[in-house]
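These notes concern the structure reproduced below.
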Amino acid sequence: MNISLLAFCLLLAVAAAGDLQPKPVPRMQAVPQPYQQVSFQRDGREVARYHFGKDLDRPFIFPVIGPSGRPLTRMGHPHDPESHGHHNSVWVSHHDVNGTDFWSNGRGGRIIHQRIERLDDGSDSAAVVSHNNWLNTKENKVLLKERRTTAVHALPNDELLIVVDLELSAEGADATLGKTPFGFFAVRMAKTIGVHDGAGTIRNSEGGVNEKGVFWKRAKWMDYSGAVADGVVEGIALLDHPSNPNHPSIFHVRDDGWMGASFTQDAPRTLKLGEPLKLRYGLWVHAALPDSEAVETKWEAFSKLPAIAPTKR
């Protein structure tokens, strides 16, 4: 018997004796994929995917899979895909940083991935910690440095809580965030969930219903729910964390299927050099059309989540 075969037999004997036991397999995993993507998987099935290719105008999450196994978000406006190509499912951006437009495509501002700091797997959640530069491409000047944590938490009944933590730091000089309803956090819902296209329903924490009742109103949370198949209703509640400086956020929401938490809709804000801005947003990915009390309960749990790990440079 040669040495390699003998070693293999000894390994099998040790394993059989119980000295080598497989480690528990994490239920939630962040699995790297080709073309600079990370697949969030629960029990081996994808529930969301983070895209961060350096040729993109910004990183984003697509798809977001609901409890029935169907996507709840889409890329682009269903009736205007060209001029709304920046509607990247779930995305972070801002219309005016020192006059540079990071919201639109091809207008001079791009959020460019720099590195993945960490991938975390676990029994209840998986996460990606990434770093991005907010670049004014016309001047080749970095205006903001960003550290982003994207975490996907498993909930009962195949529901999810997606939590996005942002740490934004001015680079080189103070950065002014102009007055605009566009930015920082937004979601483009699937076509059939929209009020116009699918007779979906929008509600907020203050009792407002659909665009007329929620547009440019402050709220702790905004829920957008509708049909994803015949007889199947699901949705996403966008949760604003109480630690955010403008909480409760002003929401920019349309019956055509998108919602966003606006950080500077009311007034411009300045990021001082050396004073990072920290923001946290959540997405409750849920079944059916929950009542307001159920969404409020999820917001309360979200508001009490522990803080993320400190910055690593």
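Scanning region 257-313 for residues that are among the β-branched types (Val, Ile, Thr), modelled with pLDDT of 95 or more, out of contact with any Gly (no Cβ under 7 Å at 6 or more places or on another chain) and more than 12 Å from Tyr224 (Cα to Cα) yields Thr270, Thr297. Scanning region 199-220 for residues that are touching a residue at least 40 places away in the same chain (Cβ under 8 Å) and within 28 Å of Gly69 (Cα to Cα) yields Gly200, Thr201, Ile202, Arg203, Asn204, Ser205, Asn210, Glu211, Lys220.
In the set (1) surrounded by fewer than 21 Cβ atoms within 10 Å (Cβ to Cβ); (2) in contact with a Phe, Trp or Tyr (Cβ under 8 Å, 6 or more places away or on another chain), the condition left unmet by Leu305 is number (2). Looking only at region 161-220, residues that are of a type in the set (Phe, Trp, Tyr) and in a loop (DSSP other than H, G, I, E, B) come to 2 in all.
Looking only at residues in region 80-102 that are closer than 26 Å to Val47 by Cα and either among the aromatic types (Phe, Trp, Tyr) or surrounded by fewer than 19 Cβ atoms within 10 Å (Cβ to Cβ) (or both), the one that is farthest from the chain's Cα centre (by Cα) is Pro81. Evaluation of Val129 against the conditions (1) farther than 23 Å from Gln37 by Cβ; (2) within 16 Å of the chain's Cα centre (by Cα); (3) among the β-branched types (Val, Ile, Thr) shows that the sole unmet condition is (1). Pairs meeting the criteria (first residue in region 90-111 and touching a residue at least 24 places away in the same chain (Cβ under 8 Å), second residue outside any strand (DSSP E or B) and of a type in the set (Gly, Ala, Ser), beta carbons under 6 Å, at least 6 apart or on different chains) are Asp96/Gly178; Asn105/Gly85.
Per the conditions (1) under 21 Å from Ser89 (Cβ atoms); (2) aliphatic (A, V, I, L, M); (3) free of Cβ contacts under 8 Å to residues at least 24 places away in the same chain, the sole criterion not satisfied by Ala294 is (1).
Here's the yes/no breakdown for (1) hydrophobic (A, V, I, L, M, F, W, C); (2) within 16 Å of Glu167 (Cα to Cα):
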residue: Arg254; (1), (2): no, no
residue: Ala267; (1), (2): yes, no
residue: Gly274; (1), (2): no, yes
residue: Lys278; (1), (2): no, yes
residue: Gly282; (1), (2): no, yes
residue: Trp299; (1), (2): yes, no
residue: Pro306; (1), (2): no, yes
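Scanning region 135-150 for residues that are farther than 14 Å from Leu279 by Cβ and crowded, with 22+ Cβ neighbours inside 10 Å turns up just one, Leu143. Exactly one residue among His95, His77 is over 29 Å from Val228 (Cβ atoms) and touching a Ser or Thr at 6+ places or on another chain (Cβ under 8 Å), and that residue is His95. Selection within region 221-256: residues that are under 17 Å from the mean Cα position of the chain (by Cα) and either at pLDDT below 95 or outside any strand (DSSP E or B) (or both). The member of this set that is farthest from Ser68 (Cα to Cα) is Asn244.
Output the number of residues of region 174-228 satisfying the condition of being farther than 26 Å from Asp101 by Cβ and β-branched (Val, Ile, Thr). Residues flagged as farther than 26 Å from Asp101 by Cβ and β-branched (Val, Ile, Thr) within region 174-228 amount to 7. Considering every residue within region 144-157, establish whether at least one is touching a helix residue (DSSP H, G or I) at 6+ places or on another chain (Cβ under 9 Å), assigned to a strand (DSSP E or B) and modelled with pLDDT of 95 or more. No, because not a single residue in region 144-157 is touching a helix residue (DSSP H, G or I) at 6+ places or on another chain (Cβ under 9 Å), assigned to a strand (DSSP E or B) and modelled with pLDDT of 95 or more.
The values are calculated or read from the model by the stated rules, or taken from the named source; none is laboratory data. The structure presented is a predicted model; accordingly, all values stated were derived computationally and were not measured. As a convention, Cβ positions derive from the backbone with ideal geometry for all residues, glycine included, and neighbour counts pool all protein chains shown.
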